[in-house]
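**Student:** Structure provided below as structure tokens; questions to follow.
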Amino acid sequence: MVNRLRLLLVGLGGLIVIAIYTFPLWQPVLLREQIPETVPGLPEALQPAFRLLPADQQAAYRQIAEQNAEMAAQLLQAAISPDKVVSEAEQAIPVMANEVVAARGEFAVVNTAMHKIAGTYILYQLPDNRRILRMEDFTVTNGPDLRVVLARAASPKTSAEVGSDYIDLGALQGNVGSQNYAVPAEVDLEAYQSVVIYSPQWGVVFGSAPLVVQ
């Protein structure tokens, strides 16, 4: 028993000696595992928030940062900022009479790793030629300079698909809550196929819904 204990101590001592002498070889590996990954060009203040994101979101932001660090920083800063909830007064349904539902649809996300979106819209046609686009039970990931636009493409995923000839209905009133937008009477709805939540500043589509006039 004593001999076994002695051999065990000798073996343990040998392992300690080997570990000490080989420390320079495996130290970099240990340190690399301890240091969380970061996004090159992303401000240091945003790195902790980035490291809390799911792996697929980190990969998406890192890919963007490799091409445009400023864009990645602004998208991330907006995404982690507090929700902008539309006020109760602005969420109310506008006063209408003899309105007709011209179209309706459900929003779907484009980049599931980075953005989330939910909700529906109803396009009302009024007898006096006014048209109101109402988004209900709406939520979307915060983003920089988000706009509500009508695009010619059915399900645009890129700025090229949105194009430059879209109809801008105005700035998104909030990323949470029902909201209303006037659609100019002169717009030919037959020429547009989707309602899009879009950031013209960076050419990023956050989500869209099909626009099919009834």
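The values are calculated or read from the model by the stated rules, or taken from the named source; none is laboratory data. What you see is a predicted model; the values in this text were computed from it and never measured. A quick note on method: Cβ atoms are made from the backbone with ideal geometry, for glycine too, and the neighbour counts reach across all protein chains shown.
**Student:** Among the residues of segment 93-108, which ones are surrounded by 12 or more Cβ atoms within 10 Å (Cβ to Cβ) and among the small types (Gly, Ala, Ser)?
**Tutor:** ALA102, ALA103, GLY105, ALA108, listed by residue number.
**Student:** Consider GLN58 carefully, then state whether it is in contact with a helix residue (DSSP H, G or I) (Cβ under 8 Å, 6 or more places away or on another chain), at pLDDT 85 or above and surrounded by 13 or more Cβ atoms within 10 Å (Cβ to Cβ).
**Tutor:** yes
**Student:** Those residues that are within 15 Å of LYS157 (Cβ to Cβ) and surrounded by fewer than 21 Cβ atoms within 10 Å (Cβ to Cβ), I need them from segment 167-198; list them, please.
**Tutor:** GLN193
**Student:** Given the structure, is LEU126 in the same structural domain as ALA108 (by TED's automatic domain parsing), over 16 Å from GLY203 (Cα atoms) and crowded, with 19+ Cβ neighbours inside 10 Å?
**Tutor:** Taking the combined requirement at face value, the residue does not satisfy it.
**Student:** Oh, and also: Looking at segment 151-160, is at least one residue under 23 Å from the mean Cα position of the chain (by Cα), modelled with pLDDT under 95, under 22 Å from PRO200 (Cα atoms) and in a strand (DSSP E or B)?
**Tutor:** Within segment 151-160, none of the residues are under 23 Å from the mean Cα position of the chain (by Cα), modelled with pLDDT under 95, under 22 Å from PRO200 (Cα atoms) and in a strand (DSSP E or B).
**Student:** Would you point out the residue of segment 107-136, among those that are part of a loop (DSSP other than H, G, I, E, B) and in contact with a Gly (Cβ under 7 Å, 6 or more places away or on another chain), that is farthest from ASP56 (Cα to Cα)? Write out each step before concluding.
**Tutor:** Here is the first cut: in segment 107-136, the ones part of a loop (DSSP other than H, G, I, E, B) are 107, 110-116, 126-130.
Checking which are in contact with a Gly (Cβ under 7 Å, 6 or more places away or on another chain) leaves us with 107, 110, 115.
Values: PHE107: 22, VAL110: 14, HIS115: 11 Å.
The qualifying residue farthest from ASP56 (Cα to Cα) is PHE107.
**Student:** Determine which member of the set LEU53, LEU46, LEU76 is free of Cβ contacts under 8 Å to residues at least 24 places away in the same chain and outside the structural domain of ASN175 (by TED's automatic domain parsing).
**Tutor:** When all the criteria are applied, what remains is LEU53.
**Student:** Please determine, by comparing only the residues of segment 129-151 that are among the charged types (D, E, K, R) and out of contact with any Phe, Trp or Tyr (no Cβ under 6 Å at 6 or more places or on another chain), which one is surrounded by the fewest Cβ atoms within 10 Å (Cβ to Cβ). Even if it seems obvious, please write down each step before you answer.
**Tutor:** Taking segment 129-151 and keeping what is among the charged types (D, E, K, R), we get 130-131, 134, 136-137, 145, 147.
Then drop every residue that is not out of contact with any Phe, Trp or Tyr (no Cβ under 6 Å at 6 or more places or on another chain), which leaves 130-131, 134, 136-137, 145.
Numbers: ARG130: 15, ARG131: 19, ARG134: 19, GLU136: 15, ASP137: 11, ASP145: 14.
Top of the filtered list is ASP137.
**Student:** Still on this structure: Give me a count of the residues in segment 185-211 that are closer than 11 Å to LEU133 by Cβ and not in a strand (DSSP E or B).
**Tutor:** So the count comes out to 3.
**Student:** Filtering segment 59-106 down to residues that are outside any helix (DSSP H, G or I) and among the basic types (Lys, Arg), which residue is farthest from the chain's Cα centre (by Cα)?
**Tutor:** Here the answer is ARG104.
**Student:** Still on this model: So which of VAL101, VAL140 is β-branched (Val, Ile, Thr), over 30 Å from PRO43 (Cβ atoms) and either in contact (Cβ under 8 Å) with a residue 24 or more places away in the chain or assigned by TED's automatic domain parsing to the domain that holds ASN180 (or both)?
**Tutor:** On inspection, the qualifying residue turns out to be VAL101.
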